[in-house]
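The values are calculated or read from the model by the stated rules, or taken from the named source; none is laboratory data. Given the structure is predicted, the values throughout are model-derived calculations rather than measurements. Positions of Cβ are backbone-derived with ideal geometry, glycine not excepted, and every protein chain shown enters the neighbour counts. Side chains included, ligands, DNA and RNA excluded: accessible areas come from the protein's heavy atoms. Shrake-Rupley method; radii C 1.70, N 1.55, O 1.52, S 1.80 Å.
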Amino acid sequence: MRLALAALVFVAMLALATQASGVVETSASTSSFLVDTDSDISASRTMMESSVTTPEMNYSSNGQVDSHVLQPGGGAAIISHNIYTTARNYYGILGGGVSFSSKVTATNATSSELVMTGRSTGGVCYSQEYAMAKSETFGMGIAKVGEGGEHSFNLDGSQKTVTTRLPIPVPVMIHTDEFVNKELTVTFRQRSLEMDTPADFLQEEVNFDYRTYNNQMAYYGYDFSSFLAIEDTSCNSYMSFAHVN
Amino acid sequence: MKYILIIMAIMASSIVGSGANVELNMGYYNTHDDMSMSLKGSNLNFGSACTLLPQSIKYSNGGASIQPKTEYSYSLTLNGDTTFSSAQTDSGMFAFKGAVDVGGHDNKNLLKLSAKSGVKDGSLKTAYGNDKFQVQEVVQAENFVYQQQADLGPKTVSSTGFGSTLTPVPGLADNLMMRSTGQLTPDAETAPAVAEGKDQGVIYSIQVQNPGGEKEGHIDAKVMGLAESQLATYTKFDDDKKYTFGAKMRGIGFAPIGELEMAGQATGLPLQTLPPGDVEISYKDPSETDEDEENWGGYPELVDKKAEEFDSDYPGKSTPALWYYLNNEFTIEVPVYVYYPPYSLLDSVETYQLGMVYSVRGDDAPS
């Protein structure tokens, strides 16, 4: 008897969970890849805006990655960027975020700079009617290259939205707070590296991302690695950092 | 009948110095080799033994601290090659042993020294090396313990060190456990998962010199806060020229971890610093929507505007701006359940891991 009751309670909980399983997930990404064989300066800027609007939420993010290296006298450089945004209402949790990555490889470099900036805004909608949902993504890339050398510059983008239909409408409980209708701006600004002697080889990679929860910062973190070589001396440095609210 | 003349001297010595400075010098030689030992220090004991033969010298010694506040400076020399170690601490320990084994039937030529030192909640200064490579380390520990060991020969140096915080940060384990179980509201009675306590951590610096190669380098590291931290250090010198040295820290603690940084430099390289950059976070009312952005068909104009901004920031030749626009529209048949559970009320936590390793191949070092 107890076993049957427990089973019944379990089934009831399962049904409740199913009712609450409103799932909308959307993601978009933009990647750029620059190869510059001979230049005094190599720079690349990649940006993306993406938004999703559904009956229960709207979420928009934009991101920009900006990096450049100076190579007086000329040098080769490879700069790759990626921006990845997500937004979802998953089991009633409105979340989203932006991930950035940048990898710079250069020869004869005297300085390098990197800035990553993301903005996110999330809000709650509510409609008992059939509703049109929409997701949009805009991506752009542009690069600065040498006058004489050869170069290649590519841009790729993608967008994906997954919705899960619910069997019946359920009551909506909205807990609003001061952050709900705010725009969150997050910037990672790498300290610029300045060198009197050009580096024979420089490689810097940064992966930075943040996540929001009910439009409030839930997490941010980064992985950084650097390899720098001048003549017979080299330095490897790295750092991983995560902040969880 | 052959007569073999054996002249042998066996010598042993020991000292115990407590509360007073002691100084001891020894030298042994035969027709082939000569060696010497020098020791200064306080609050230590020391013992040595030597077997001296016309064709060989076999010597060994060792010493150790006997009080938390102690210091020593020791060197061992064989035929002009010197190895040395020293330590000074107000709350720690040290131990060292040296050995010489030279001459004999198999023509040995051994000079080695190994030194250990450690500190617990205090300061420690150590130095060790040989004629070609010298290392200095300084440690300031706050509720932190650090221990290192160095092994030295006339042409080699290697050392490793490891340290960690002595006691857990109150409430941190509960905080992490509650996060792992999804309980985001602290229970004051059973789980004081809030930040409290005293900052703890370590301030560490290592400096290396390669006098022959006229090169030097250093790493300074610091972590101090309500964090549980670990520190690992490493040096290796071999092949007469090549060397590497590095330091690594990792840990977890309540945010913000007050001080977390590492800086390093080596001859010929610019200063390297960690963290590598700053994270800025701000909230504001949503921006007024740009008409161009509202009208998605206006993106060509936006692209032109952004391209002009880029050209203004970076003069020179640009690639054409590449762009795309994707639009996806669909219907959702029923409203979904929207529930905003309370936001996490737990104190924020931070995890970190950082390190630096310098390597010198020695291409330019004079032979």
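Under 25 Å of direct C-alpha separation, and excluding same-chain neighbours fewer than eight residues apart, B:K69 reaches these lysines: B:K40, B:K97, B:K116, B:K120, B:K125, B:K198, B:K222. For B:D131, the residues whose modelled amide H falls within less than 5 Å of its own, excluding neighbours fewer than 5 places apart on the same chain, are B:T82. Amide H contacts for B:K108 (H built 1.01 Å from N in the peptide plane; partners 5 or more residues away or on another chain; cut-off under 5 Å): B:G103.
Across the range B:164-178, rounded Karplus estimates of 3J(HN,Hα) from the backbone phi angles (6.51 cos²θ - 1.76 cosθ + 1.60, θ = phi - 60°) give 7, 5, 7, 10, x, 6, x, x, 5, 4, 5, 4, 5, 5, 5 Hz, Gly and Pro being marked x. Within the same chain, lysines fewer than 8 places from B:K306 are excluded, and of the rest, those with a Cα less than 17 Å from its Cα are A:K144, B:K317. Note that the range B:113-122 has calculated 3J(HN,Hα) couplings of 9, 10, 9, 10, 8, x, 9, 10, 6, x Hz, one per residue in order, obtained from phi through the Karplus relation 6.51 cos²θ - 1.76 cosθ + 1.60 (θ = phi - 60°); glycine and proline are x. Surface burial for A against B, with a 1.4 Å probe and both sides summed, reaches about 8900 Å² of accessible area. What the Cβ-Cβ distance of B:A173 and B:T331 gives, at R0 = 51 Å and to the nearest 0.05, is a FRET efficiency of 0.55.
Dipole magnitude for the range B:96-229: computed about the Cα centre from +1 point charges on Lys and Arg Cβ and -1 point charges on Asp and Glu Cβ, it is near 600 debye. With a cut-off of 11 Å between beta carbons, the residues surrounding A:G74 carry a summed charge of -4, where Lys and Arg count +1 and Asp and Glu -1. Surface exposure of the range B:142-276, expressed per residue as accessible area with a 1.4 Å probe, stands at 43 Å².
Scalar couplings 3J(HN,Hα) for the range B:274-279, obtained by applying the Karplus form with A = 6.51, B = -1.76, C = 1.60 to θ = phi - 60°, are 10, x, x, x, 10, 10 Hz; x denotes Gly and Pro. Under 5 Å from the amide H of B:L166 lie the amide H atoms of B:F144, B:V145, each residue being 5 or more positions distant or on a separate chain, with H modelled from the backbone and absent for Pro and chain starts.
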